[in-house]
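Below is one structure, written out as structure tokens; comments come after it.
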Protein chains: 2
Amino acid sequence: MSAAVLIGDLMLSWCDEMLTTAILDSPSMSEHIGRARTYFDLCKTEVVAGQFLDVVGQTRQTVSWDEAMTVVRYKSAKYTVERPLHIGAALAGADDQPIDALSAVALPLGEAFQLRDDVLGVFGDPAVTGKPAGDDLREGKRTVLIARAHEPTDDAGRQLLRDSLGTAEGVPAVADLIRSCGALEAVEHDISALEAAADAAIDALGPAARDVLGPLALTATRRSR
Amino acid sequence: MSAAVLIGDLMLSWCDEMLTTAILDSPSMSEHIGRARTYFDLCKTEVVAGQFLDVVGQTRQTVSWDEAMTVVRYKSAKYTVERPLHIGAALAGADDQPIDALSAVALPLGEAFQLRDDVLGVFGDPAVTGKPAGDDLREGKRTVLIARAHEPTDDAGRQLLRDSLGTAEGVPAVADLIRSCGALEAVEHDISALEAAADAAIDALGPAARDVLGPLALTATRRSR
């Protein structure tokens, strides 16, 4: 594990090194690469902020939907979809208008992607997802599924979440509660609403964007692994 | 602890961001800052390499003086002394000649600094150093002190190192062995030899360098904390 963390540090450091070397070595491209670099820098700060909020969230008894979605936005949506699109657009010389239009696609798409991940993490088939079901529940993660479960459950349900979330034995009972109290259905609705928002934003970008971003959007949210 | 690691990641990321922003914002300085950046990049890669060697070293039964000194060089001497001097020299517009001359000062000085740290970590006064004595022994770190202890000890001594290094109960016995087998004296000789090498290299840089680097050298190696 220590070696894996070090490799991660080294790769992050080399990303920085490659981007800056490219700026210095390619004077004609340096303005574009410099703008891409701004989004890369934002991305690194945002993902640290999202991870910090996630870590703090684990220490709390309950989580609201807004809080859980803020973690999703900073830790996943910006890092996985929005900033990579901005980096690509900036390298291609885009000005502010398409950058903003890409955010309108990327944020709901990235959020839907993470919510799908949360659902698969509890209810996915381990043979397909390649990871054990219930890991998030075992670790006591305050995901959007858990936020949605806090809303409708009665005292008995809240007691079950307090006692069983974060334990290995409690995984089946918490998964049952998420289904029976309507939290799973609510998150599926969240995903659909976010997909619709991303879809409308792709339309606003025009037909060429649809060709490129349409399949990406489907892959991100309509998946079983 | 998680928050502390994240703050560290954020600070590292902001270092990269500040250096690159400085390159882009100061065209007249960009060549100097670009050269400084090269040493900053090397430093980050070297410290990861040194930490990796240190982690691997913890998994081994024994350590040679050469192996332990390689960790000292990459994890401490380059990171703490050599590369910071190079970064400063490059920012000031130095060419290759003073850069190499600074390495001749910085590597032995940085190595002596770390060996002093290793000695204080075992035999220092916790009230002065501010950290508990014996931490390295408790963690089973394969420091140069341990490498030097492996050389002269008999079978009983080697057995003691195998059984007690890395345990809390074994700290006093391992510390006694390091002293009685001559390892402490050997490392004090190592420190003196490295100090002499750094001192000669400072002389070679001339009197102005002596004024600046002389006190730095003394602070690094003749300290009790």
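The values are calculated or read from the model by the stated rules, or taken from the named source; none is laboratory data. Source: prediction; values computed, not measured. Quick reminder, even Gly has a Cβ in these numbers, built from the backbone with ideal geometry, and neighbours come from all protein chains shown.
What do you reckon, is residue A:209 within 22 Å of residue A:66 (Cα to Cα) and either surrounded by 14 or more Cβ atoms within 10 Å (Cβ to Cβ) or not small (Gly, Ala, Ser) (or both)?
no
As an exercise: evaluate residue A:38 against (1) over 14 Å from residue B:20 (Cα atoms); (2) surrounded by fewer than 20 Cβ atoms within 10 Å (Cβ to Cβ) and give the number of the one condition it does not meet.
If we test residue A:38 against (1) over 14 Å from residue B:20 (Cα atoms); (2) surrounded by fewer than 20 Cβ atoms within 10 Å (Cβ to Cβ), just (1) comes out false.
Here is a check on your reading of the model: is residue B:112 more than 14 Å from chain A (Cβ to nearest Cβ) and not charged (D, E, K, R)? It would help to see each step written out before you state the result.
Values: more than 14 Å from chain A (Cβ to nearest Cβ): yes; not charged (D, E, K, R): yes.
In short, yes.
One line per residue, one yes/no per condition, for (1) modelled with pLDDT of 95 or more; (2) within 15 Å of residue B:146 (Cβ to Cβ):
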site: B:80; (1), (2): no, no
site: B:83; (1), (2): yes, no
site: B:87; (1), (2): yes, no
site: B:94; (1), (2): no, no
site: B:97; (1), (2): no, no
site: B:107; (1), (2): yes, no
site: B:117; (1), (2): no, yes
site: B:125; (1), (2): no, no
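Of all residues in the stretch A:136-156, which are closer than 16 Å to residue A:75 by Cβ and not hydrophobic (A, V, I, L, M, F, W, C)?
A:136, A:139, A:141, A:142, A:143
State which residue pairs qualify: first residue in contact (Cβ under 8 Å) with a residue 40 or more places away in the chain and among the acidic types (Asp, Glu) and inside the stretch B:63-89, second residue crowded, with 20+ Cβ neighbours inside 10 Å and in a loop (DSSP other than H, G, I, E, B) in any location, beta carbons under 8 Å apart, and separation of 6 or more residues or different chains.
B:67/B:142
Would you check if there is a residue in the stretch A:54-75 being crowded, with 16+ Cβ neighbours inside 10 Å and at the interface with another protein chain (Cβ under 10 Å from one of its Cβ atoms)?
Checked against the condition, which is being crowded, with 16+ Cβ neighbours inside 10 Å and at the interface with another protein chain (Cβ under 10 Å from one of its Cβ atoms), the stretch A:54-75 yields at least one hit.
Being closer than 20 Å to residue A:192 by Cα and over 19 Å from the mean Cα position of the chain (by Cα) narrows it down to one residue among A:111, A:151; which is it?
That would be A:151, the only listed residue that is closer than 20 Å to residue A:192 by Cα and over 19 Å from the mean Cα position of the chain (by Cα).
For the subset of the stretch B:20-39 comprising residues that are small (Gly, Ala, Ser) and within 9 Å of residue B:91 (Cα to Cα), which member is nearest to the other protein chains (Cβ to nearest Cβ)?
Initial filter on the stretch B:20-39 (small (Gly, Ala, Ser)): B:22, B:26, B:28, B:30, B:34, B:36.
Filter once more, so that each one left must be within 9 Å of residue B:91 (Cα to Cα): B:34, B:36.
Working: B:34: 5, B:36: 11 Å.
Among those residues, the one meeting the criterion is B:34.
Restricting attention to the stretch B:6-48, which residues are more than 12 Å from residue A:13 (Cβ to Cβ) and either aromatic (Phe, Trp, Tyr) or in contact with a strand residue (DSSP E or B) (Cβ under 9 Å, 6 or more places away or on another chain) (or both)?
Within the stretch B:6-48, B:14, B:39 meet the criteria.
Does at least one position in the stretch B:117-127 carry a residue that is without any contact (Cβ under 8 Å) to a residue 40 or more places away in the chain and surrounded by fewer than 18 Cβ atoms within 10 Å (Cβ to Cβ)?
So far as the stretch B:117-127 goes, yes, one or more of its residues are without any contact (Cβ under 8 Å) to a residue 40 or more places away in the chain and surrounded by fewer than 18 Cβ atoms within 10 Å (Cβ to Cβ).
Does residue B:86 meet the test of being under 30 Å from residue B:20 (Cα atoms) and surrounded by 15 or more Cβ atoms within 10 Å (Cβ to Cβ)?
When the stated conditions are applied, residue B:86 passes them.
Does residue B:5 qualify as being closer than 30 Å to residue A:34 by Cα, buried (at least 21 other Cβ atoms within 10 Å of the Cβ) and within 10 Å of another protein chain (Cβ to nearest Cβ)? Lay out the reasoning, then the answer.
Values: closer than 30 Å to residue A:34 by Cα: yes; buried (at least 21 other Cβ atoms within 10 Å of the Cβ): no; within 10 Å of another protein chain (Cβ to nearest Cβ): yes.
No; evaluated as a whole, the condition is false for this residue.
Please work out which one of (1) surrounded by fewer than 21 Cβ atoms within 10 Å (Cβ to Cβ); (2) more than 8 Å from chain B (Cβ to nearest Cβ) is the condition residue A:45 fails and give its number.
Among (1) surrounded by fewer than 21 Cβ atoms within 10 Å (Cβ to Cβ); (2) more than 8 Å from chain B (Cβ to nearest Cβ), residue A:45 violates only (2).
List the pairs whose first member sits in the stretch B:1-16 and is more than 15 Å from residue A:50 (Cα to Cα) and in contact (Cβ under 8 Å) with a residue 40 or more places away in the chain, whose second member is assigned to a helix (DSSP H, G or I) and charged (D, E, K, R), and whose Cβ atoms are under 8 Å apart, counting only residues at least 6 apart or on separate chains?
Taking only residues 6 or more apart or on different chains, not a single pair turns up.
Do we have any residue at all in the stretch A:162-177 that's touching a residue at least 60 places away in the same chain (Cβ under 8 Å) and farther than 30 Å from residue A:36 by Cβ?
Yes, the stretch A:162-177 has at least one match.
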